[in-house]
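Nothing in this text is a laboratory measurement; each read-out follows from the coordinates by a stated rule. These numbers come from a predicted model, not from an experiment. Here the Cβ positions follow ideal geometry from the backbone for every residue, glycine too, while neighbour counts run over all protein chains shown.
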Amino acid sequence: MNDSVYVGNAGPDAALDRGWLLGHFKDVGDPRHSEAVEIKWGVHLPGDARAEWVSGEARTALLILISGRFPVELPGRSVLLAKQGDYVVWGRGVDHSWAAEEESVVLTVRWPSVPGYRVGEPT
């Protein structure tokens, strides 16, 4: 058995860590631990929205729509991911937020993986 291999399924694995499959927040020694990149399988119900804007972004991000309708808000611009495969990329320093118009699945890749962007649980 090789401890540097992990086999899973994005649905149940993502549900364990707010959608995140890979990044600095996984235990060191886990093959999913990375300080280079973060990957999220985001499953969002209609009306789900980011609790607050990300500001002072220090990462580059790629969001790819798997299913649903998923608006992304950027300074001075709204982008609607509406058909499978639509995506948006933004670089460091670009603030952002989002809200799901309908049930949506979005694959997010961010790099590098750095702490400090987690929004607390809704109260």
Taking GluC sites (Glu not before Pro) as candidate sites, keep only those in a DSSP loop with at most 15 other Cβ atoms within 10 Å, then name the longest stretch of the chain containing none of them. 53-101
Whether region 4-70 is rounded, prolate or oblate, judged on the alpha carbon gyration tensor where a/c under 1.5 counts as rounded: oblate
Summed side-chain charge close to ALA82 - residues other than ALA82 whose Cβ falls under 13 Å, Lys, Arg +1, Asp, Glu -1: -1
Show me, for region 68-77, the HN-Hα J-couplings you get by feeding each phi into the Karplus relation (A = 6.51, B = -1.76, C = 1.60, θ = phi - 60°), rounded to Hz, glycine and proline as x. x, 9, 9, x, 10, 9, 10, x, x, 7
What is the sum of charges around VAL105, taking Lys and Arg as +1, Asp and Glu as -1, for the other residues whose C-beta is under 12 Å from the C-beta of VAL105? -1
Restricting to DSSP H runs of at least four residues, report the calculated mean residue ellipticity at 222 nm for the chain, -39500 (n - 2.57) per run over all residues, nearest 500 deg cm²/dmol. -1000 deg cm²/dmol
May I have the pair-distance distribution P(r) for region 10-111, computed from all Cα-Cα distances with 5 Å bins from 0 and rounded to whole percent? 3, 13, 21, 26, 21, 12, 4, 1, 0
